[in-house]
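Everything below concerns the one structure shown next.
Any read-out appearing in this document is the output of simple, stated calculations on the displayed coordinates, not a laboratory observation. Note that the coordinates shown come from a computational prediction; the quantities given were computed from them, not determined experimentally. Here the Cβ is made from the backbone with ideal geometry for all residues, glycine too, and neighbour counts use every protein chain on show.
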Amino acid sequence: MLMTLQYFFELAGSALFAISGALLANDKQNADWFGVTFVGFITSLGGGTVRDVLLGAYPLGWVADVHIFLAILSGIVLTSLFYDLLQKYRHNLFLFETLGIAMFTIIGTEKALQCDVNPLIAAVLGMFSAVMGGVLRDVLTNDIPVLFRKEIYASACMAGALLYVLLLYFECPRNISLPVSMALIALIRIASVRWRLSLPRFRR
Amino acid sequence: MLMTLQYFFELAGSALFAISGALLANDKQNADWFGVTFVGFITSLGGGTVRDVLLGAYPLGWVADVHIFLAILSGIVLTSLFYDLLQKYRHNLFLFETLGIAMFTIIGTEKALQCDVNPLIAAVLGMFSAVMGGVLRDVLTNDIPVLFRKEIYASACMAGALLYVLLLYFECPRNISLPVSMALIALIRIASVRWRLSLPRFRR
Amino acid sequence: MLMTLQYFFELAGSALFAISGALLANDKQNADWFGVTFVGFITSLGGGTVRDVLLGAYPLGWVADVHIFLAILSGIVLTSLFYDLLQKYRHNLFLFETLGIAMFTIIGTEKALQCDVNPLIAAVLGMFSAVMGGVLRDVLTNDIPVLFRKEIYASACMAGALLYVLLLYFECPRNISLPVSMALIALIRIASVRWRLSLPRFRR
């Protein structure tokens, strides 16, 4: 039952990522509907795909289960139908996006741990699950990579993933460690956008 | 015998893709012969490589069979020797390229189907086989991605791949479904270039 | 014992690649310490990762062995602590980098040969081991790809890798073929920088 719920959230998260990818791609010059759809898919599937290819965890989720594909397609059709509405409430969308990012990070970390990798590596692969879709989107659309924008994004995911493997190390049960780690990611991200926080430069 | 013929066409198609990749890369500033050769290879091998990595279908074709590599190398040597001629007849090259794209799409779809994936996913992976080489080329050369140019390209491949899996569903024999689907891709692409057709924007 | 020595050099090489990646990324506008660290990791791990994903050689080195990850992290911490010193002696760093590139190429070629691929393909994958990290770094940071800069880099690696498989074909023992091939790479690269050599254009 809980697994069914998690599966539903994963599908919803995939659709949501596709919506935000499509909204961003649509701002690009010359982007026709096929290009926008393509970028929506890459944004949504990219992170999990990079994680699983690095793990050699075949078959990839979306290759094996066509429902993920259909969920993304629905997200893109919805974006097309309710474009003005989604643009208007993009601010509210941000909240759901943040929850999606948090979920993808922790579930990605879990998937890596199931492949018996070191917890530190698992945390990195969890972070990859949430950010690599956006990185691929930026690379494909020739945009400034999300990693080099001021907002705190990937580092919030990394912090949450590290907290999750740490809690796991201290044998904290999953129904505590999962929401707590997700909350950390969401809080860092929301706080950083709210108060325009950014990480310091490496060295100037 | 038929398989031998298909193998020959695949080698010829690989060489052709490398030629068009090398011609494009050579327009780039500072591109030396090594860079041009490298981009020719990526253009030719990229699509099939992305498909097979996503499928986990190892070993990759060009890693297992050195003849593909040698066919591409021949294509690039030919480009160097007959550069002026190829530039002059680039228009005619377009026709062969289009046939190559159509062939790569349908054969790619078939390869995905052999890995027991859903027909819809197989069609996407077939389209990837034909377009991802060009996408990687554009990403490597920092060009406007082919997906965001006006011409209809990836969507033509997608249409042909979908037709192919549809015909397969209705148990249409391969010696009909293969040429018909390839023809659809070629016709859409030729028509779109001939009459400067382009897909509508997603939303403005 | 020799294997232990090689392992030590591989860790040192990984740290060194991360240092040079971090130094380059730090020049980028807006790069915070997380972005710089991320790029340092990609630069260091990218080449071997691309090679192993193309070979289907799972698990990937850094996924299976956390020490590689820790070596890279140390390199980045050192970069942060001794930034001014490293910038001042960047010229001397170049020598170590060149040795690192040479080592990664030949060891990469060996790893591909262990997967029973054609020597020509193994040489290409060896070259990939040394250059793909830099290519990914340039793609992620939206920079002019290293392949299109004037300096001789990837072609030096390719020459060394080809020499290595050639020496192997003539049954030259490893303790001769390894240093000789590495020396060829280092010499070509040093000479090309020293006398500002560059490869001719493909065609003008």
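Mean-square fluctuations from a GNM of chain B, with a 10 angstrom spring cutoff on Cα atoms, peak among B:R189, B:R51, B:R174 at B:R174. For B:N175, the point set 7 Å out from Cα toward Cβ sits 6.4, 6.4 nm from its twins in the other copies, listed from shortest up.
Please give the average number of partner chain Cβ atoms lying within 10 Å of the Cβ of each residue in A:38-50, rounded to a whole number. Kindly include the intermediate steps, with their values, before the conclusion.
Values: counts 10, 4, 1, 1, 2, 0, 0, 1, 0, 0, 0, 2, 0.
Whole-number average of other-chain Cβ neighbours for A:38-50 is 2.
The mean count of C-beta atoms from other chains within 10 Å of the C-beta of residues in B:73-81, rounded to a whole number, is 1. Taking Cα atoms, how many degrees apart are the long axis of helix B:66-81 and the longest axis of chain B, rounded to 10 and kept between 0 and 90? Between the helix axis and the principal axis of chain B, the angle is about 40 degrees. Here the contact order of chain C, divided by its residue count and restricted to Cα pairs under 8 Å and six or more residues apart, works out to 22 percent.
Distances between copies at B:T4, taken between label points 7 Å from Cα along the C-beta direction, are 5.8, 5.8 nm in increasing order. Derived from the Cα gyration tensor, the three semi-axes of the equivalent ellipsoid of region A:2-194 are 27, 18, 16 Å, largest first. Computed from Cα atoms, the angle from the helix B:174-194 axis to the main principal axis of chain B rounds to 50 degrees.
Peptide C:110-120 has a mean of 2 when you count, residue by residue, the C-beta atoms of other protein chains within 10 Å of its C-beta.
Two decimals is fine: what is log10 I(q)/I(0) at q = 0.06, 0.12 Å⁻¹ for the protein assembly as shown, from a Debye sum with one equal scatterer on every Cα and no solvent? Debye intensities relative to I(0), on a log10 scale: -0.31, -1.35.
Pairing the Cα long axis of helix A:154-169 with the longest principal axis of chain A, what angle in degrees results, from 0 to 90 and rounded to the nearest 10? Computed tilt is about 30 degrees. When shorter helices are ignored and each DSSP H run of at least 4 residues is given -39500 (n - 2.57), the per-residue value for chain A at 222 nm works out to -26000 deg cm²/dmol.
With its label point defined 7 Å out from Cα along the Cα-to-Cβ axis, A:W195 lies at 6.1, 6.1 nm from the matching points of the other copies, in increasing order. The spacing between region C:62-112 and region A:93-137, judged by their C-alpha centroids, is 27 Å.
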